[in-house]
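J.: Here it is, the structure in full.
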C-alpha cells in the first residue's frame, strides 16, 4: 500500500496519515460519496480498519482527474469570459472617452460661438444706436431744411410765376 500511495501522490508520513488522506481523497472524489461518508460515520475506527482497494483508489483518482478537467474547462471558460468582458469594458471606456471629447469639443465651440454672437450683438446694437442718432439728426436737419426750402421755393415760384406771366402776356 505504501507504493500505491506514492504512485497516487499521497504522502507517506505515517500509516495513519496516509490512510486518513486516502479516505479523504476517496470521500471527495468518488461517485458515491454518500456511501463513503456513511461508511466512515458507522465505523469509528474506519481509518485504521478499512483500507481502500486498488480499484477504489483508481476510481477515486479517475474521478478526481475528471473533476480536475471539468474545473480546468470551467476556469478556461471563465477566463475567456473575463477577457471578453475586459475587452468590452476597454471598448466602452474608449467610446466613453470619445464621447466626452466630443462633448467637450461641442461645448468649447458653443461657448466660442456664444462669445462671438455676444460681441456681434453688441456691435450691431452700437451700429443701431449710431444709425438712430444719425437718422434723428438727419430728420432734424431735413425738417429745418425743408421748412426753409419750402418757404424759399414758394417765394421763388411765386415770383417766377408772376414775372413770367407779366412779361409773356400778349399785348
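J.: I'm told residue 40 meets every condition in (1) modelled with pLDDT of 85 or more; (2) touching a helix residue (DSSP H, G or I) at 6+ places or on another chain (Cβ under 6 Å) except one. Can you identify the failing condition by its number?
T.: Failed condition: (1).
J.: Follow-up question, since we're still on this one. Answer yes if at least one residue in the stretch 67-81 is in contact with a helix residue (DSSP H, G or I) (Cβ under 8 Å, 6 or more places away or on another chain) and part of a helix (DSSP H, G or I), and no otherwise.
T.: The answer is yes, given that some residue of the stretch 67-81 is in contact with a helix residue (DSSP H, G or I) (Cβ under 8 Å, 6 or more places away or on another chain) and part of a helix (DSSP H, G or I).
The values are calculated or read from the model by the stated rules, or taken from the named source; none is laboratory data. This structure is a prediction, so every number in the text was calculated from the model and none was measured. Because the Cβ atoms are built from the backbone with ideal geometry, glycine has one as well, and the counts that use them run over all protein chains shown.
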